[in-house]
There are 2 protein chains.
Amino acid sequence: MGKVNCVVAQGGGPTAVINGSLYGVIVQAMKRQEIDGIYGAINGVVGVLRENFIDLRKEPQEVIDGLTFTPGAALGSCRYKLASEEEIGKVIEIFRKYKVRYFFYIGGNDSMDTANRIYEASINAKYDLGVIGIPKTVDNDLLFTDHCPGFGSAAKYIATSVLEAGYHARGLYEFERVTILETVGRNTGWLAGASALARRSSVDPPHLIYFPEVPFSLDQFKEDVKRVCNEIGGAFIVVGEGIRDERGELFSLKNGSSPVDSFGHVFLGRAGDFLRRFIIQEMGLVAQNIKLDICQQSAAHLISGVDIKEAQMVGEDAVKYAVNGKSGVMITLIREEGSSYRCKTSTVELSKVANRERKVPRPWINEEGNFVRKEFIQYAYPLIQEEVKVPTREGLPLYVKLHNYRVKEK
Amino acid sequence: MGKVNCVVAQGGGPTAVINGSLYGVIVQAMKRQEIDGIYGAINGVVGVLRENFIDLRKEPQEVIDGLTFTPGAALGSCRYKLASEEEIGKVIEIFRKYKVRYFFYIGGNDSMDTANRIYEASINAKYDLGVIGIPKTVDNDLLFTDHCPGFGSAAKYIATSVLEAGYHARGLYEFERVTILETVGRNTGWLAGASALARRSSVDPPHLIYFPEVPFSLDQFKEDVKRVCNEIGGAFIVVGEGIRDERGELFSLKNGSSPVDSFGHVFLGRAGDFLRRFIIQEMGLVAQNIKLDICQQSAAHLISGVDIKEAQMVGEDAVKYAVNGKSGVMITLIREEGSSYRCKTSTVELSKVANRERKVPRPWINEEGNFVRKEFIQYAYPLIQEEVKVPTREGLPLYVKLHNYRVKEK
């Protein structure tokens, strides 16, 4: 490594544009006299602990460029909580050993917690380290930022899927009455709500949307489905995987347990299946359910042009803030006033965002708790705009792999 | 209606290109002196029985053109078995009343059964009726045709989804070991097999594919998953919803019953969920499952250029064959010899295709029954080629609705 190095890493669940932020970090770091080596840690902070770094300056230009439309974490990611003081101390020792002056961590609230622990340890160790968190999450649940890169593309994919599956479903309402589509989002319904963007008239799907933010009642659900079927002929329902009953019990867990990750978060994704069976068994209707699961985080062939530009911007600006002496902060997006949509970046202390969640404001959900209000639409609408043409070869998208990580597989 | 009319209708589950065939019928019928009125029956044969016809000549040109990229059955579809002699006789009476000389039914094997019953009744009633079946099904299970329009687009969507979700999964193998993606196809694994098109190197997803054609053993599955995880670090598995154990019991039904349609077909779609839980509980690994469900049949933003052209061709040629006196046949696609891919149309008697299924040939699946052989790849590869640019508005595809069907929605 060189005299002054930076390390970039990716943590948590990837998004379709997470590599756009990696691209932003790399291209901005390359422009900077202050930075010699640009290294990627493989599998997030786990790669730091393993001293598993790759030299990003050695990647071919076409691979770097391909990061702007390639899904998944190009550097690999992790779900790993930096817990012990010993481990955190080890991170600082490794950064010292490799002359790492800047650490960029692209991730969600768990990763911001990790970044914050490293930042605090660097202060305590009197080691001069610029730690910058770069927001990414399809869940859109980070505080202090207007929205999170990754959300817009996932929202575009979900709205497109609901639009298309809705065209399919409407032709068969008489025979297959109900369709349920489940969105990710452990405690927040941002993606469930974004499906409303697909609706262009009062009869269009989605007809009902349910949020983790609002206690879910099966009785009310039954009434809602009945009413919509009577009015429209069939019902297209979008449901957040994290919906809970009045006592806080997750519907995703009502038919069996699920594994837990290192942060104590349980894997969800079975609320749609539960409701499908409820409709079949309790209402006697034919129902089908769609579970896009990780396709929501990886459908890069449908990324939003606005989203990928912002993902790159937060990556680039992270380097700028770091070089200007900022540390212990996460980049935020600030929506500017005015009639046309535009965001600039700012920063917020990592300690303020770590392990906290921003929920959909209750006034943005209707009183019945089964659809969004226009404030939600106005908020989400600009984020899914603009299309990106992904190159293809032999009928499929042509994504890239980092040359020096590729060999690590197996 | 005019002096000589044709009726076109859509039956069974729609595909992303089913309206391409409708478009083909309309534009070819418009060119024909022999045909006055061009009518669409709403909701397939059910619409015929209800005398629910719309005048397709009254649709604006931009709506007709939009059919070439709009998913769902633009005329509505049905799952309805024409059972009694009385009902079949009624269809003939209605066609006689409305001077319907040609009936085009776009559908799968159930719809071909319906078309065949109508054809036979027309012979018995000495009513001169040209009945032509137009093949469509993502399941690709119709006999006597090289493949079915709709399959190529669904295959392209599934391969793209596996490619993208595979990029996502590989960065987290250490933490989320196994991903399962379930494809539709009640008794055939054509779509499951097509996911192999996503694989570009030996470590790429999918790693394992399971077919309804091969009895599924949980013990063997466990061994397969273990081996792949050891070799690659994680496993990406594609499974047909119709997999069965050695005794023929469907895995989709092992965790509860499911409704049955008018043809006696049970609704499946829970094999992936079953296997996910098996891996979690019996192998102690974190697993996630993707169930694209009806998105496989409706993701028109990813239709294959080859597929939509053929969907139009079978629609156009159906009219040509009908006007030339053919009746009681389904249009087939015949792959021509030669190094470059090309199909022409032919016909086969409806009685031969009705209610029968074409399975994946066993020699196209490897001996272990957990992946395809190169013969399968060579077969499926040309069908997903070429991209189609779907128009967009406000960040989403701009699909059309028939003006005279739209008003039927409440």
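Tabulated data for the structure shown
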read-out: Helices (runs of 4 or more DSSP H) wholly inside region A:7-66 containing at least 3 residues that are within 14 Å of chain B (Cβ to nearest Cβ); value: A:18-30, A:44-49
read-out: Residue within region B:182-195 that is within 13 Å of the chain's Cα centre (by Cα) and on the phi > 0 side of the Ramachandran plot present; value: yes
read-out: Test: A:Glu34 is modelled with pLDDT under 95 and surrounded by fewer than 22 Cβ atoms within 10 Å (Cβ to Cβ); value: yes
read-out: Residues of region B:322-347 satisfying the condition of being touching a helix residue (DSSP H, G or I) at 6+ places or on another chain (Cβ under 8 Å) and at positive phi; value: B:Gly328
read-out: Counted residues, region B:149-173 - those being in a loop (DSSP other than H, G, I, E, B) and touching a Ser or Thr at 6+ places or on another chain (Cβ under 9 Å); value: 4
read-out: Of the criteria (1) within 14 Å of chain A (Cβ to nearest Cβ); (2) under 19 Å from B:Val329 (Cβ atoms), which one B:Cys78 fails; value: (2)
read-out: Criterion (in contact with a Pro (Cβ under 6 Å, 6 or more places away or on another chain), among the polar types (S, T, N, Q) and within 11 Å of chain A (Cβ to nearest Cβ)) met by exactly one of B:Ser258, B:Ser298; value: B:Ser298
read-out: Single match in B:Gln288, B:Gln281 (criterion: of a type outside the set (Gly, Ala, Ser) and under 23 Å from A:Gln296 (Cβ atoms)); value: B:Gln288
read-out: B:Val348 vs. criteria more than 14 Å from chain A (Cβ to nearest Cβ) and not acidic (Asp, Glu); value: yes
read-out: For B:Gly240: the one exception among (1) more than 7 Å from chain A (Cβ to nearest Cβ); (2) at pLDDT 95 or above; (3) closer than 22 Å to A:Gln296 by Cβ; value: (3)
read-out: Options B:Ala155, B:Ala121, B:Ala159, B:Ala125: the member that is within 13 Å of chain A (Cβ to nearest Cβ), out of contact with any strand residue (DSSP E or B) (no Cβ under 7 Å at 6 or more places or on another chain) and more than 21 Å from B:Val25 (Cβ to Cβ); value: B:Ala155
read-out: Search result, residues across region B:227-250 that are over 22 Å from the mean Cα position of the chain (by Cα) and either in a helix (DSSP H, G or I) or over 23 Å from B:Asp204 (Cβ atoms) (or both); value: B:Arg227, B:Val228, B:Cys229, B:Asn230, B:Glu231, B:Ile232, B:Asp245, B:Glu246, B:Arg247, B:Gly248, B:Glu249
read-out: Residues of region A:171-199 satisfying the condition of being within 11 Å of chain B (Cβ to nearest Cβ), surrounded by fewer than 23 Cβ atoms within 10 Å (Cβ to Cβ) and in contact with a Lys or Arg (Cβ under 9 Å, 6 or more places away or on another chain); value: A:Glu174, A:Phe175, A:Glu176
read-out: Residues (out of contact with any helix residue (DSSP H, G or I) (no Cβ under 6 Å at 6 or more places or on another chain), within 9 Å of chain B (Cβ to nearest Cβ) and of a type in the set (A, V, I, L, M, F, W, C)) located in region A:261-289; value: A:Phe267, A:Ile280, A:Val286
read-out: Unmet requirement for A:Pro391, which otherwise passes all of (1) farther than 23 Å from A:Lys156 by Cβ; (2) surrounded by fewer than 20 Cβ atoms within 10 Å (Cβ to Cβ); (3) in contact (Cβ under 8 Å) with a residue 40 or more places away in the chain; value: (1)
read-out: Only listed residue being free of Cβ contacts under 8 Å to residues at least 60 places away in the same chain and assigned to a loop (DSSP other than H, G, I, E, B), chosen from A:Asp146, A:Asp128, A:Asp141; value: A:Asp128
read-out: Members of region B:221-267 found to be touching a Gly at 6+ places or on another chain (Cβ under 6 Å) and in contact (Cβ under 8 Å) with a residue 60 or more places away in the chain, listed by number; value: B:Phe236
read-out: Single residue of region B:67-87 satisfying the filter (part of a loop (DSSP other than H, G, I, E, B) and without any contact (Cβ under 8 Å) to a residue 12 or more places away in the chain) that is farthest from A:Phe175 (Cα to Cα); value: B:Ser84
read-out: Matching residues in region A:215-263 - criterion: being touching a Leu at 6+ places or on another chain (Cβ under 9 Å) and of a type in the set (A, V, I, L, M); value: A:Leu218, A:Val225, A:Val228, A:Ala235, A:Ile237, A:Val238, A:Val239, A:Ile243, A:Leu250, A:Leu253
read-out: Residue list for region B:348-364, filter: part of a loop (DSSP other than H, G, I, E, B), at negative phi and not aliphatic (A, V, I, L, M); value: B:Arg356, B:Glu357, B:Arg358, B:Lys359, B:Pro361
read-out: Residue in region B:321-336 that is at pLDDT 95 or above, farther than 20 Å from B:Asn19 by Cα, assigned by TED's automatic domain parsing to the domain that holds B:Phe69 and among the basic types (Lys, Arg) present; value: yes
read-out: Residue count for region B:59-80, restricted to those that are modelled with pLDDT of 95 or more and surrounded by 21 or more Cβ atoms within 10 Å (Cβ to Cβ); value: 14
read-out: From A:Ala322, A:Ala318, residue being more than 20 Å from the chain's Cα centre (by Cα) and under 30 Å from A:Tyr39 (Cα atoms); value: A:Ala322
read-out: Number of the condition not met by A:Ala115 [criteria: (1) within 14 Å of chain B (Cβ to nearest Cβ); (2) buried (at least 22 other Cβ atoms within 10 Å of the Cβ); (3) part of a helix (DSSP H, G or I)]; value: (1)
read-out: Out of B:Asp204, B:Asp224, sole residue that is touching a strand residue (DSSP E or B) at 6+ places or on another chain (Cβ under 9 Å), part of a loop (DSSP other than H, G, I, E, B) and not assigned by TED's automatic domain parsing to the domain that holds B:Tyr80; value: B:Asp204
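So that you can scan it fast, the table gives a plain yes or no per residue for (1) part of a helix (DSSP H, G or I); (2) surrounded by fewer than 24 Cβ atoms within 10 Å (Cβ to Cβ); (3) among the small types (Gly, Ala, Ser):
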| site | (1), (2), (3) |
| --- | --- |
| B:Asn255 | no, yes, no |
| B:Gly272 | yes, no, yes |
| B:Phe278 | yes, yes, no |
| B:Glu282 | yes, yes, no |
| B:Asn289 | no, no, no |
| B:Asp293 | no, no, no |
| B:Gln296 | yes, no, no |
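The values are calculated or read from the model by the stated rules, or taken from the named source; none is laboratory data. Owing to the predicted nature of the structure, the values given are computational and were not obtained by experimental measurement. Cβ atoms come from the backbone with ideal geometry, glycine included; neighbour counts cover every protein chain shown.
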